[in-house]
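A short write-up of the structure that comes next.
Coordinate-derived values only; no laboratory data. No experiment lies behind these values; they were computed from the predicted model shown. Using ideal geometry, Cβ is built from the backbone for each residue, glycine included, and neighbour counts are taken over all protein chains shown.
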């Protein structure tokens, strides 16, 4: 039972993520590292850790590989399925291609959390959600407790449970997102603590905060779900922890003792030899070197080294190697108590393909703000379907803060004119369904889910207008003029073949988050404003009151007023003067 | 006979001119209506046409418009605008509706002017009554007032309130108390604040009762009027309930005005005050501001008992300054009724100052708003300062009118004081 299996999979030309041989229910613990070189000297490292416990054991409170701290929180908050994401950076789909794990293990910038809670009423679900976010906040050192009602939505169609649930009748899906949260090492440490070896052994020993948060893109994910074998048998509760990071090899190889980048000397420069003017004294620098040599210890700063059929790989002894039949990837099974180093030298065969074409994603999405000024604006999302033959069906979900007042009647989708476009699709077909729940000031966020279809080889632009509200001065953060983060839009691509079935293959992708600047008041003058406004009101009120209650008399009538008293006083003074002179 | 014909011809000319002008602006400058709709001086959260469209869109797609933070206007607008052909495809019908509302308001104003209530009410006749403008001039001043035109082009829904208030007054002066009460109920239903006009309006109705149906008990008369208003408002609420299917609209429409939860800038004094207000004092100051707004009603009604129309005029001016979401449309309503007091203009002391201040604020307001929101070279205080100036200028105008009217009253007792220096003790 107590088998600790480590897998290290490397794919060079492969486009498939190599899945581990062991099936989910076979072992209690399983870990795997997938290394995939990407164009422009980037390297995708996908760490995956999986632990199981039977539901019966879990309910009795017997935890073995399942982390006790998290398990107790889940039990207390009645959580049946949990997904937590910490992400940083932007996945460059144009260069890096499709996302790892079909995008199912990544989140938008910041922290994202969604869970299925068991509750009888919406209020009970809200209460449990509050418990859950506060407990997770303490566990992961993240501001998850700020996921309150104004940041929580209940998506209708975007998310489907991944696990096997007996009934969904009493399950409430709640989704919260904190785009402003800065993910950092204090979130990694508790993440590693959930592993059986606390990150001291196995592939987790490669994880280091300095390298992880220096990556061009990284995403940490925790997924807890119940899995019931279809053949029958005990249901297990599975926790899957995933870390994906895209490292820049050049940057990672920079020596640790000398972190300051200096220009390399002339003979170290990689030159583009294909240029006609290349000579011994001229060098056109190649922007990105393909097929670089690297080793695990170089890029992760720690030993553990590795790779594929067309390129020779040197690995430590005692590592069992399996080659994938397609010849594009290699797997190494690492026995316990072995230190692994893996080195990938520069290929001797110079005819090897220099660039690797990654898998083309099904859809490219870009979102940005339009308009200027702090009063109103628009959101524009450009959705491009690269496939020349198949249309893409997907659900576009936005969870917007309440202070962005969106005008749904301005929402429109149009086909962007392309020079070789021959499609004559009716534009009303682009938006098929809309689920909308407007925001309530200070209580609830806007929830927008749009089911759309992009025809083959077409670009669709989805736009809508919004208005920026002005807040009370205590509602602004200390850096009010920086702006407010708007969470990433989640796009869930529906598999055309299994469209109607539940649990069909769904591919997720997320846009970048946005920064929305709101109008700001002057924070330094609450007292001044209170005084000025009160003065203006007092002037108006006092003036009218005076006119209403005082009697009219001719200028020379009635009792003497202020001026008359002054005249009298003058006369008295004169008299006094005269007396003194005497 | 001939005179009636001439008047009819003039009336037709005036209305045609005003309608053509508006229609020309709507159609010849297609970007202007949307530009004006977006201006904070014209569209407030409770009157904005863009928000109305959003509410209409949600209503037509079976989403409750009140279950959100955008639509805060009366529910009966929704079926009304649903009946019109869609604004997106045929905007001309919406334009025509707004133009018609303006013309109907002008017609009511004309009737008020023609009744001569402003110069000679039941209990008081001004010594200066000869010097007044005809209904034609007053309607023209209203119809060609830039503030009125901007409100109409900006399609602010406050034009409906304006129309209802003017009709309430017109009905009251023509001796139709029930009609006045129904019109006032509509106005209150649409914007809430016209409910404060009830006491002076009841007095006006009481003074102008038709002799054949007059009651002599003012208390009984007031009770009947108040119950008429309550009844009509209840019916309107019930209709709204039927239209929207829930009572959600009450907090979303009137609650927003009471609690000022939407702090979008406008020309009034409330928004910045409540942005900068400390949270623990927010409710207290909300109560104070509302109390302040209502405090004028009783005082003015009692003090200027002999001229209820003056009370209505002054209250309209006060509301244009101190209500939670004022816009220039409230100003245009006040400026529509001020010319009725042409006869007391010579008694006003600060006409030039207040006119200059109002003009100054109207020119600098948009500029300072631009500096704050778009150019970023000014901050919120710029626009706030201009709203303060605007408020002060308007209150000076209201005070001045009040002074002139009271002096006019006083000169009935002291005819020899006309044109002499006076003071107040």
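Of the residues making up region A:134-144, those that are closer than 17 Å to residue A:71 by Cβ and buried (at least 21 other Cβ atoms within 10 Å of the Cβ) are A:136, A:140. Among the candidates A:413, A:457, single out the residue that is away from chain B (no Cβ under 14 Å), surrounded by 15 or more Cβ atoms within 10 Å (Cβ to Cβ) and not in a strand (DSSP E or B). Exactly one residue qualifies, and that residue is A:457. Number of residues in region B:142-165 that are assigned to a helix (DSSP H, G or I) and either in contact with a strand residue (DSSP E or B) (Cβ under 6 Å, 6 or more places away or on another chain) or surrounded by fewer than 20 Cβ atoms within 10 Å (Cβ to Cβ) (or both) equals 2. Return only the number of the condition from (1) without any contact (Cβ under 8 Å) to a residue 40 or more places away in the chain; (2) surrounded by 14 or more Cβ atoms within 10 Å (Cβ to Cβ); (3) within 14 Å of chain A (Cβ to nearest Cβ) that residue B:272 does not satisfy. Looking at each condition in turn, residue B:272 falls short on (1).
Of the residues B:231, B:179, the single one that is in a helix (DSSP H, G or I) and surrounded by fewer than 16 Cβ atoms within 10 Å (Cβ to Cβ) is B:231. Taking region B:69-90 as the range and being within 14 Å of chain A (Cβ to nearest Cβ) and in contact (Cβ under 8 Å) with a residue 40 or more places away in the chain as the test, the residues that pass are B:69, B:71, B:72, B:78.
Report yes if residue B:407 is in contact with a strand residue (DSSP E or B) (Cβ under 8 Å, 6 or more places away or on another chain) and touching a residue at least 12 places away in the same chain (Cβ under 8 Å), otherwise no.
Numbers: in contact with a strand residue (DSSP E or B) (Cβ under 8 Å, 6 or more places away or on another chain): yes; touching a residue at least 12 places away in the same chain (Cβ under 8 Å): yes.
Considered against the rule, which asks whether it is in contact with a strand residue (DSSP E or B) (Cβ under 8 Å, 6 or more places away or on another chain) and touching a residue at least 12 places away in the same chain (Cβ under 8 Å), residue B:407 comes out as yes.
Scan region B:28-48 for residues that are over 21 Å from residue B:265 (Cα atoms) and either in contact with a helix residue (DSSP H, G or I) (Cβ under 8 Å, 6 or more places away or on another chain) or outside any helix (DSSP H, G or I) (or both) and jot them down. Scanning region B:28-48 gives B:29, B:30. If the condition is being in contact with a strand residue (DSSP E or B) (Cβ under 9 Å, 6 or more places away or on another chain) and away from chain B (no Cβ under 11 Å), then region A:465-489 contributes A:477, A:482, A:483, A:484, A:485, A:486, A:487, A:488, A:489. The set of residues in region B:297-309 that are more than 12 Å from chain A (Cβ to nearest Cβ) and assigned to a helix (DSSP H, G or I) comprises B:297, B:308, B:309. The condition of being within 25 Å of the chain's Cα centre (by Cα) and either part of a helix (DSSP H, G or I) or away from chain A (no Cβ under 13 Å) (or both) does not hold for residue B:371.
Taking region B:374-383 as the range and being within 7 Å of chain A (Cβ to nearest Cβ) and assigned to a helix (DSSP H, G or I) as the test, the residues that pass are B:374, B:380, B:381.
Would you pick out the residues in region A:166-177 that are more than 11 Å from residue A:118 (Cα to Cα) and surrounded by fewer than 18 Cβ atoms within 10 Å (Cβ to Cβ)? A:166 - this is the single residue of region A:166-177 that is more than 11 Å from residue A:118 (Cα to Cα) and surrounded by fewer than 18 Cβ atoms within 10 Å (Cβ to Cβ). Each residue in region A:521-545 was checked for being farther than 16 Å from residue B:388 by Cβ and at the interface with another protein chain (Cβ under 7 Å from one of its Cβ atoms), and 1 of them qualify.
Suppose we filter B:257, B:209 for residues that are surrounded by fewer than 22 Cβ atoms within 10 Å (Cβ to Cβ), within 14 Å of chain A (Cβ to nearest Cβ) and more than 17 Å from residue B:301 (Cβ to Cβ); which single one remains?
So the residue among B:257, B:209 that is surrounded by fewer than 22 Cβ atoms within 10 Å (Cβ to Cβ), within 14 Å of chain A (Cβ to nearest Cβ) and more than 17 Å from residue B:301 (Cβ to Cβ) is B:257.
Scanning region B:48-62 for residues that are away from every other protein chain (no Cβ under 11 Å), under 21 Å from the mean Cα position of the chain (by Cα) and closer than 30 Å to residue B:313 by Cα turns up at least one hit. Across region B:393-425, the qualifying residues are those that are in a loop (DSSP other than H, G, I, E, B) and at the interface with chain A (Cβ under 9 Å from one of its Cβ atoms), and the one among them that is surrounded by the most Cβ atoms within 10 Å (Cβ to Cβ) is B:414.
Checked against the criterion of being in a helix (DSSP H, G or I), more than 13 Å from chain A (Cβ to nearest Cβ), touching a residue at least 40 places away in the same chain (Cβ under 8 Å) and crowded, with 24+ Cβ neighbours inside 10 Å, region B:348-356 contains not a single residue that satisfies it.
When each of B:226, B:287 is tested for being surrounded by fewer than 22 Cβ atoms within 10 Å (Cβ to Cβ) and touching a residue at least 12 places away in the same chain (Cβ under 8 Å), the lone residue that passes is B:226. If the condition is being touching a helix residue (DSSP H, G or I) at 6+ places or on another chain (Cβ under 9 Å), more than 7 Å from chain B (Cβ to nearest Cβ) and not in a strand (DSSP E or B), then region A:503-519 contributes A:505, A:517, A:518.
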